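The next block holds one structure in the form of structure tokens; read it before the comments.
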Amino acid sequence: MRANFLSICYRSTRFIITKTLYFFQALFFCPKDLEPAVIGGDYFLSTISIIGAPFFNFKIPSGNDIEVFGLEFPSPLVAASFKSETEILKIWLQMGLGGAIFKTIMKNERLGNKRPRLQDASLAGEKGLLNSMGLPGKGIEYFAAEIADLSLWNFDRPLGISVGGDSIFEYIESVNH
């Protein structure tokens, strides 16, 4: 019941936000850009996470666990290269993800591609999202310091780190860091 209610709330909110955002972008002759909606959504999630339990603490049903290469996932739902904001990842783990992989981190800080870089897309009537963010991030040193003492590790779920590089040497250096 709660999942259905929150699903309806999410879909309605997403519809209203994207249509409003697109309206104002068209009004001011700006290209369609979904990134402000994502930033606003993350801000909203972290703001309401203060009240927590009714919205975010979902019990993962038993019997859904899987094992992959010796790693135990309590749920097959995993966020893959999803976010680097640890507070947002924490909320998604509270909602029942079986694990998460941090957004790809590079050796050095990167701004990513120019905006717009996040778009609605459809193919054969199926809707989706086109991401050409360009791997923005603060770099491996910042990331390593940030994740060292995170409460995310207390969820006892697999957490992965996606490492990127422009050369084999960058990959090796980042992994060794």
| request: Determine ³J(HN,Hα), in whole Hz, for all residues of segment 123-135 in sequence, where each value follows from phi through the Karplus function 6.51 cos²θ - 1.76 cosθ + 1.60 and θ = phi - 60°; x replaces Gly and Pro. | output: 9, 6, x, 9, 8, x, 10, 9, 10, 10, 4, x, 6
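Based on the mean of other Cβ atoms within 10 Å per residue, sort peptides 12-19, 64-71 so the most packed one is first.
On the way: 12-19: 11.9, 64-71: 10.2.
Top of the packing list down: 12-19, 64-71.
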| field | Phi-based couplings in Hz for segment 29-40 (Karplus 6.51, -1.76, 1.60; Gly and Pro marked x) | value | 6, 9, x, 4, 8, 7, 4, x, 5, 5, 4, x
| message | Nothing charged except the Cβ atoms of Lys and Arg (+1) and of Asp and Glu (-1): what's the magnitude of the dipole of segment 1-85 about its Cα centre? Round to the nearest 20 debye. | response | 440
| Long-range amide H partners of GLY139 with built H, under 5 Å | MET106, ARG110
| Hey, what do the phi angles of segment 142-150 turn into as Karplus ³J(HN,Hα) couplings, whole Hz, using 6.51/-1.76/1.60 and θ = phi - 60°, x for Gly and Pro? | 4, 4, 4, 5, 5, 8, 4, 10, 7
| note | So the FRET efficiency between GLU72 and THR20, C-beta based with R0 = 35 Å and rounded to 0.05, is 0.25
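How much net charge surrounds SER75 when only the other residues with a Cβ under 9 Å from the Cβ of SER75 are counted, with Lys and Arg +1 and Asp and Glu -1?
Details: positive: ARG157; negative: ASP65.
Local charge sum for SER75: 0.
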| field | Long-range HN-HN contacts of MET95 with modeled amide H, under 5 Å | value | PHE58
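Sort ILE105, ILE39, ILE161 so the one with the fewest other Cβ atoms within 10 Å of its own Cβ comes first. List each step's numbers first, then the result.
Working: ILE105 25, ILE39 10, ILE161 16.
The order, fewest Cβ neighbours first, is ILE39, ILE161, ILE105.
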| said: Just to be sure I understand: of the beta bridges DSSP finds with both ends in the chain, what percent are antiparallel, rounded to 5? | reply: 60
| field | Options ILE48, SER167, PHE29, ranked by Cα towards positive dipole end of the chain, top entry (Cβ charges) | value | PHE29
| request: Could you pull out every one of the lysines with an alpha carbon less than 20 Å from that of LYS90, ignoring same-chain neighbours closer than 8 positions? | output: LYS59, LYS103, LYS138
| Average Cα contact separation per residue, segment 1-141, under 8 Å, 6 or more apart, as relative contact order % | 19
| Amide H to amide H under 5 Å from PHE82: which residues, 5+ apart in sequence or cross-chain, H placed 1.01 Å off N in plane? | ILE101, LYS103
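Each reported figure results from applying straightforward, stated rules to the coordinates on display, with no laboratory input. Not measured: the values here are computed from a predicted model. All Cβ positions, even for glycine, are placed from backbone atoms using ideal geometry, and neighbour counts span all protein chains on display.
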